[in-house]
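All remarks here apply to the structure that follows.
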């Protein structure tokens, strides 16, 4: 089976697809992928979890380890909702300011979850470690 990767710029979703984006705990979706997520149902004031066809993972923290529990929660949610396909963006690598390898390594447990699609850079980092 050929691995699928999250597209760089997502402008539309199929009915079963969910846009996974980096947020802040306050749910102020004013920039980056969070702003894009608003067109897929992201709710102002909701910084975590499923919102329409989007899923927020908070990334605005001082350390990458503070993000880990939210990524783990997301992976668990995706496994329980295998009828949906989750398209993970490069969360935390824009406004939040983390390095791509720091964030990619949070998704090691997602690499073989069939309904989670990761950015190619994440997959390359995870599979080359």
- First check a/c for segment 17-129, with a ≥ b ≥ c the square roots of the eigenvalues of its C-alpha gyration tensor; if it is under 1.5, answer rounded, and if not, answer prolate when a/b is larger than b/c or oblate otherwise. oblate
- Set the Förster radius R0 to 30 Å, insert the Cβ-Cβ distance between residue 61 and residue 15 as r into 1/(1 + (r/R0)^6), and round the FRET efficiency to 0.05. 0.35
- Message: Full-extension gain between residue 2 and residue 77, please, as 0.36 nm times their residue separation minus the C-alpha to C-alpha distance.
- Response: 24.6 nm
- Note on the structure: Residues 20, 64 in order from fewest to most other beta-carbon atoms within 10 Å are 64, 20
- Note on the structure: Rounded to the nearest Å, the spacing of the alpha-carbon centers of segment 30-54 and segment 63-118 is 16
- Message: From Cα pairs below 8 angstrom and at least 6 apart in sequence, can you work out the relative contact order of the chain, rounded to a whole percent?
- Response: 27
- Note on the structure: Exposure-ranked with fewest Cβ neighbours within 10 Å first, 89, 59, 6 stand as 6, 89, 59
- Task: With a point put 7 Å past each Cα toward its Cβ, work out how far residue 43 is from residue 108 in nm, to one decimal.
- Result: 3.4
- Could you list 98, 61 in order of exposure, starting from the residue whose Cβ has the fewest other Cβ atoms within 10 Å? 61, 98
- Message: From Cα pairs below 8 angstrom and at least 6 apart in sequence, can you work out the relative contact order of segment 34-96, rounded to a whole percent?
- Response: 23
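Read-outs: derived from the displayed coordinates by stated rules, not from any lab. Owing to the predicted nature of the structure, the values given are computational and were not obtained by experimental measurement. Positions of Cβ are backbone-derived with ideal geometry, glycine not excepted, and every protein chain shown enters the neighbour counts.
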